[in-house]
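I'd like to ask some things about the structure below.
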Amino acid sequence: MVSAQDTISLGYSTIKQNWYVDGFYGGQILFSTDANNRTNRVTHFFGIDAGKLFTPFIGVEISLDALKKGGANASYGLYKADEIGGRTMFGNNDPYREFATINPDGSYNVDIKYWSSKLLLFTSIMNIIHKGYNSSCKYDIYPYFGLGYMRVIKQDGLPEANVLTMDFRLKAKYAIYKNFDLFAQCGLSVLPDLFEGRITGSMHHASLDFACGVRYNIGSKHFSTNILKDKEEFASSEPPENIIEHDTVFVEKVVEKIVEDTTDKYANKFILDSLTITTIVFPIGKSTPSVDINIRYQQIVNFMNKYPKCKVILHGYSDKDTGTEKINYSLSQKRAEYVYNQLINKYHVDKNRLEIIANSSKVQHYDKADYNRIVIAVAVLDE
């Protein structure tokens, strides 16, 4: 997927990390290849998903949902509820007709209530494109594949049914507000014969659905990691040493130069040499801040707008009291990348004016460990 020069955030997830729970509600149109070509059925559905991301690209999900499929039906075909000869033969009498209103053309509307559960393996297309989790991306596309279990609820002449299914799904989501997402999906389920009480005459039939709705994220589908690898690090467990050595001291100063001009337009103007703009603090073991820090981003943006010739270096750090050197290096890198992505995607800063440096925990600016879980934005004059 990548060239020899590209890097990709593979990372791993511990047992306690990266779990999520979603509740959803929406509408669905379903098409089926069951007996006598039943017309499309419109229904509402609701349910809950729970899952875990093992890497930014691969996860597993358990989905539970309840549906009611309604649509036009005809009385032709064989029906499981009309058993003849001790379950060895089936008749063409549909018991549901006794509970339905028959239309002039002989058809009638039927509702089938059922619930289903699925165990699905999925991947994130946008994480693959971004080569790792991008916290600022509001949309994503998830292909799913797995097995399911469906149960028809016995009612009004419809027999109960329990079947195993094979499921393929493609789901897209867009974050609209905090934990709320809009989603759309299409799915294909392969069902055994006799499902819904009708005999199709084949071993299996397919059920295709299109759905959309709203989803509430009790635990968001994001990824935090304990380690960052790239293609060159696979052969070595040690972080690059040359990234650490050149940053041992921060210089916080402004060098003043008086520019001669008869109009005094530029008199006493500051010319930037090196200056710390702001510091962003992170929770222990996390690569995203725990509080709203938009004002810090705005400080950086305002400074860059005021000094268009400056460049900002984002120095990522971690504390030496927790984690190994390798974990701390990857964490400092991810913290700097998070700020970098926020400035580019949310505040539209020119990426050519930003640089990332991961300093791990070899450099500690403060005595208190909490103060060293930081990203420091430093402005330098871009010649």
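The values are calculated or read from the model by the stated rules, or taken from the named source; none is laboratory data. No experiment lies behind these values; they were computed from the predicted model shown. Using ideal geometry, Cβ is built from the backbone for each residue, glycine included, and neighbour counts are taken over all protein chains shown. For accessibility, only protein heavy atoms count, side chains too; no ligands or nucleic acids. Shrake-Rupley method; radii C 1.70, N 1.55, O 1.52, S 1.80 Å.
Whenever you get a sec, line up His204, His348, His130, His315 from highest to lowest accessible area (probe 1.4 Å, protein heavy atoms). Each step should come with its number before you reach the end.
Details: His204 100, His348 145, His130 80, His315 10 Å².
The ordering from most to least exposed comes out as His348, His204, His130, His315.
I'd like to compare 322-330, 97-105: which one has the highest average count of other Cβ atoms within 10 Å, and what's the full order after that?
Values: 322-330: 19.6, 97-105: 10.8.
Descending mean neighbour count gives 322-330, 97-105.
Right, another one. At Thr279 and Ile129, where each label point lies 7 Å from the Cα along Cα→Cβ, what is the point-to-point distance in nanometres?
3.8
Determine how many Å³ per residue the convex hull of the Cα atoms of the stretch 299-372 encloses. Write down the numbers at each step before the final one.
Details: hull volume 7.1 nm³, N = 74.
Considering the Cα atoms of the stretch 299-372, their hull volume per residue is 96 Å³.
Right, something else. Protein chains only, probe 1.4 Å: how do Lys309, Lys286 rank by accessible area, largest first? Show your work: numbers first, answer last.
On the way: Lys309 145, Lys286 90 Å².
Result, largest first: Lys309, Lys286.
Moving on. Any idea how far apart Asp350 and Ile295 come out in nm if each label point goes 7 Å out from Cα toward Cβ?
Roughly 2.9 nm, to one decimal.
Separate question: With every protein chain left in place, what is the accessible area of Ile84 in Å² (1.4 Å probe, nearest 10)?
It works out to around 80 Å².
Apply 1/(1 + (r/R0)^6) to the Cβ-Cβ distance of Asp367 and Asn302, taking R0 = 25 Å, and write down the FRET efficiency to the nearest 0.05. Can you show the working numbers first?
Details: r = 31 Å, r/R0 = 1.23.
Computed FRET efficiency for Asp367 and Asn302 comes out at 0.25.
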